[in-house]
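Reading through the structure tokens given below for one structure.
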Amino acid sequence: MNKRMKFLFALLFIVIAALAVAIARFFSDTGQNTNADGTKTAIYHRLDKDGSGNLIFQDNSGFYGIADSNDRITVSPEWRELSFAEPGICIAEKHIGSKDLLGCISYEGDVIVPFIYKNIERHEINNCVFYAATVYSDNSTVIYDSHFSPYLRGAWKSCEVTSDGLVLKSDNGTYMYYAAPNGLTLNRASFSGCVSSSEYTLDITSKLLLSKLSVPMIETMAENAGTYLRYAFFEDSEPLVNNIRSADKAEFFTLFQNEKRIVTKRLMGITDIFLYSVRSDDGVPHYAVAVTADTLISYHDDDNNLCNLRDNYKAVIEFKGHSSADLEAVSGKFLLDAPEYPKPETEQPTDTAAVNNVENGRKTN
């Protein structure tokens, strides 16, 4: 090979090497500065990284995005705030309408939690991780587990995090949950209701019973017990039909409905109420709510005189179901079919002959 050929080969090698470097630099720049859809963007500030090297970054406009460990942008910078939550999930803030709202997105930009919150807080108690999210519109609280699945039930009126769990309140109930590594466990339940002007509070502290029940089941049974009492005293069947899901052949009885002597029945108060499990043979869990009603009755005695009687009478409302989805009322009735009327007083002799007989008896003695 002459010198001319050697020179040409050397020159060709230099051109090929330069071209290879340019191509490599082009793909390197594209990987670092493009979105998943290929559009170009700049990583201006590198911020937080997770354990797998995924990066939250900020562009030169101040918006936040996500890039993978190779600096390939997987979520374009369109978010006002971003923070790592659980693996594969970020808490994000976006301006929607006139509000700055929080939700959650995946590392690919998919919405995991809807953007309806003004605050999302992570809590870890006794190795149990959960999130409390405050709804922007009404300040209610939604609880999420560590995978951001809705936890326990829907929105709560308020939430208080304690040293060993949390206290959640609905419109009529207060529920205490204990936090353990396997999750949140219902530790105590209290539901308050009202029948006419008579208030009642159903408290449940049995751990065994609470392990079988959900909050919707407790509230349904407590509310239905109040609905039954309205029917039992006021004989208004419309709430009973419209508000209680009843099983086939369910039976409900008014208070002393076959007693013709009774003129009026008035509920004066509810002195006791409790919920318990009932044995059954149909393979479905049964429960009962027992209610003691302070009752004033007006009735006609044997001489047709109008009399009043006040006493406590116990009613039992039975339910069956595995969950709130299939919970049904089975029956409702008071334990007594008739009140225990006072016995007539024995009349004392008042005529003159009877008095004389008594006096004569005293003189003889």
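The values are calculated or read from the model by the stated rules, or taken from the named source; none is laboratory data. Owing to the predicted nature of the structure, the values given are computational and were not obtained by experimental measurement. Reconstructed Cβ throughout: ideal geometry from the backbone, glycine too, with neighbour counts over all protein chains shown. Quick note on the areas: whole protein, heavy atoms, side chains included, nothing else; ligands and nucleic acids left out. Shrake-Rupley method; radii C 1.70, N 1.55, O 1.52, S 1.80 Å.
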Take the residues of the stretch 187-206 that are modelled with pLDDT of 95 or more and not in a strand (DSSP E or B): which is most open to solvent (accessible area, probe 1.4 Å)?
205
Which residues, taken from the stretch 257-276, are assigned to a loop (DSSP other than H, G, I, E, B) and either touching a helix residue (DSSP H, G or I) at 6+ places or on another chain (Cβ under 9 Å) or closer than 22 Å to residue 220 by Cα (or both)?
257
Condition check: in contact (Cβ under 8 Å) with a residue 24 or more places away in the chain, within 28 Å of residue 289 (Cβ to Cβ) and open to solvent by less than 20 Å² (accessible area, probe 1.4 Å). Does residue 222 satisfy that?
yes
Counting only residues that are surrounded by 17 or more Cβ atoms within 10 Å (Cβ to Cβ) and of a type in the set (Lys, Arg), the stretch 243-266 contains a total of 1
Within the stretch 74-159, considering only strands (runs of 3 or more DSSP E) that don't extend past its boundaries, which have at least 2 residues that are under 26 Å from residue 48 (Cα atoms) and open to solvent by 40 Å² or more (accessible area, probe 1.4 Å)?
81-84, 89-96, 99-106, 111-125
Count - residues of the stretch 50-73 that are loosely packed, with under 14 Cβ neighbours inside 10 Å and not polar (S, T, N, Q)
3
Just one of 276, 287 is touching a residue at least 40 places away in the same chain (Cβ under 8 Å) and open to solvent by 30 Å² or more (accessible area, probe 1.4 Å); which is it?
276
Within the stretch 315-336, tally of residues that are touching a His at 6+ places or on another chain (Cβ under 9 Å), closer than 24 Å to residue 259 by Cα and either open to solvent by 50 Å² or more (accessible area, probe 1.4 Å) or modelled with pLDDT under 95 (or both)
0
Going through 304, 365 one at a time, which residue ends up being within 17 Å of residue 264 (Cα to Cα) and either modelled with pLDDT under 95 or touching a Cys at 6+ places or on another chain (Cβ under 6 Å) (or both)?
304
Does at least one position in the stretch 162-182 carry a residue that is open to solvent by 20 Å² or more (accessible area, probe 1.4 Å), acidic (Asp, Glu), in a loop (DSSP other than H, G, I, E, B) and closer than 23 Å to residue 203 by Cβ?
yes
If you go through the stretch 72-91, how many residues are free of Cβ contacts under 8 Å to residues at least 24 places away in the same chain and within 11 Å of residue 106 (Cβ to Cβ)?
1
